[in-house]
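Data block below; observations after.
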Amino acid sequence: MDHQPKLRFALTVATPGALPSAFVVYRLPLSEALPKIADMGYDGVELALLDRSQINITELRHLLTNTGLCVPVVSTGQVFAAGNCSFASADSDVRAKAERLFEGLIEIAGELGAAINVGRVRGSIGPNGSRTDVEARVADSLNRLGEQARKAGTYIILEPVNRYEIDFLNSCEEAVDFLNRYRMDSIRIMPDLFHMNIEEASIEGSLMRWADRIGYIHFADSNRHFPGDGHLDFSRIIAALHAVHYSNWIGVEILPHPDPDTAAERAIRYLRRFA
Ligand code: LER
Ligand code: MN
């Protein structure tokens with residue numbers, strides 16, 4: 001067997017007060033969450049944020065140095081879920097608010113050397129919307145924000161999200177097609193196993209097919225519980241990633257079930273059996 005690089009796992013964490021829709025394991029001060037997850041054996045932390053004021057960069061840098069953790073990704077689902085705004089909105093004030101919040105998070109990501117995700121914050125077409133108009137608005141926002149990200153030393157990753165949450169860019173193929181049509185070559189996709197289990201014909205097949213377009217992956221089991229608590233086959237999924245020599249990060253985005261510490265510990269213990 002080829003020697004495979006050890007996969008690197010980050011756990012999703014938000015600051016206190018984040019809504020349940022943030023889909024994170026811990027909603028804790030980072031000074032409490034980071035030492036815990038470093039002790040469990042995670043390599044990094046994915047910060048799920050709403051606003052740049054939630055982070056004190058100096059304190060965070062100390063915590064990262066002391067724990068040895070990295071921040072591979074700043075995720076932005078809360079801009080949509082708690083900030084009530086998106087890039088798809090036909091209301092220019094709503095769209096400007098989404099871009100303003102996102103710009104603040106680009107600064108944080110740039111300072112931390114993290115990528116920044118666009119998941120639900122792209123928004124939906126809606127029952128009366130025009131797909132062409134919505135795609136054009138989202139592409140326009142992504143182009144502008146992508147350029148700001150580049151200047152800040154970071155880059156955007158686009159997450160296909162299942163049809164029950166968002167009504168377009170649901171599968172990897174659809175997301176890649178959108179990026180190709182708008183010539184957004186610098187944006188990579190970030191598949192999420194929870195969404196893939198609903199949208200893809202084959203999780204392993206899609207991970208292998210789009211390997212050179214993937215910048216990051218969200219891991220959860222079929223029920224969004226910790227890996228090992230649902231019916232996804234992680235030995236096959238990780239074998240597929242090894243087969244394509246996947247070397248980017250994986251974010252563990254799971255529900256805090258049955259409780260945050262158990263979910264976090266069981267996830268990394270299970271995943272290290274294969275990776
Ligand atoms: C939402 O379901 C999700 O997976 C997030 O990472 C996207 O905002
Ligand atoms: Mn996700």
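The values are calculated or read from the model by the stated rules, or taken from the named source; none is laboratory data. All values reported here derive from a predicted model rather than from experimental measurement. Backbone-built Cβ (ideal geometry, glycine too); neighbour counts: all protein chains shown. Calculation scope for accessible area: heavy atoms of the full protein, side chains included, ligands and nucleic acids excluded. Shrake-Rupley method; radii C 1.70, N 1.55, O 1.52, S 1.80 Å.
Could you identify the single residue in Phe80, Phe102, Phe87 that is part of a helix (DSSP H, G or I), away from ligand 2 (no atom under 16 Å from the Cβ) and either surrounded by 15 or more Cβ atoms within 10 Å (Cβ to Cβ) or within 17 Å of the chain's Cα centre (by Cα) (or both)?
Phe102
Quick check on this structure: which one of Glu147, Glu173 is assigned to a helix (DSSP H, G or I), away from ligand 1 (no atom under 16 Å from the Cβ) and free of Cβ contacts under 8 Å to residues at least 12 places away in the same chain?
Of Glu147, Glu173, the one residue that is assigned to a helix (DSSP H, G or I), away from ligand 1 (no atom under 16 Å from the Cβ) and free of Cβ contacts under 8 Å to residues at least 12 places away in the same chain is Glu147.
Regarding segment 122-132, can at least one residue be identified that is in a loop (DSSP other than H, G, I, E, B), open to solvent by less than 10 Å² (accessible area, probe 1.4 Å), in contact (Cβ under 8 Å) with a residue 24 or more places away in the chain and in contact with a helix residue (DSSP H, G or I) (Cβ under 9 Å, 6 or more places away or on another chain)?
Within segment 122-132, one or more residues are in a loop (DSSP other than H, G, I, E, B), open to solvent by less than 10 Å² (accessible area, probe 1.4 Å), in contact (Cβ under 8 Å) with a residue 24 or more places away in the chain and in contact with a helix residue (DSSP H, G or I) (Cβ under 9 Å, 6 or more places away or on another chain).
Among the helices (runs of 4 or more DSSP H) lying completely within segment 193-275, list those that include at least 3 residues that are over 20 Å from the mean Cα position of the chain (by Cα) and more than 16 Å from ligand 1 (Cβ to nearest atom).
Numbers: elements: 193-199, 203-209, 234-243, 260-271.
Output list reads 234-243, 260-271.
Return yes when Ile116 is within 14 Å of ligand 1 (Cβ to nearest atom), touching a Ser or Thr at 6+ places or on another chain (Cβ under 7 Å), assigned to a strand (DSSP E or B) and under 21 Å from Phe219 (Cβ atoms) and no when it is not.
yes
Can you name the residue in segment 150-170 that is more than 14 Å from ligand 2 (Cβ to nearest atom) and among the hydroxyl-bearing types (Ser, Thr, Tyr) and is also surrounded by the most Cβ atoms within 10 Å (Cβ to Cβ) among such residues?
Restricting to residues being more than 14 Å from ligand 2 (Cβ to nearest atom) and among the hydroxyl-bearing types (Ser, Thr, Tyr), the top hit is Thr154.
Scan segment 11-38 for residues that are at pLDDT below 95, open to solvent by less than 50 Å² (accessible area, probe 1.4 Å) and assigned to a helix (DSSP H, G or I) and jot them down.
Ser21, Ala22
Take the residues in segment 244-275 that are among the aromatic types (Phe, Trp, Tyr) and within 20 Å of Val71 (Cα to Cα); name whichever of them is surrounded by the fewest Cβ atoms within 10 Å (Cβ to Cβ).
Tyr246
So which pairs qualify, if the first residue must be in segment 80-100 and more than 21 Å from Ala22 (Cβ to Cβ), the second must be open to solvent by 50 Å² or more (accessible area, probe 1.4 Å), the Cβ gap must be under 9 Å, and the two must be at least 6 apart or on different chains?
Here the result reads Ala90/Asp133; Ala90/Arg137; Arg95/Arg137, each pair linking segment 80-100 to a residue that is open to solvent by 50 Å² or more (accessible area, probe 1.4 Å).
Taking segment 39-76 on its own, how many of its residues are under 19 Å from Glu99 (Cβ atoms) and open to solvent by 30 Å² or more (accessible area, probe 1.4 Å)?
5
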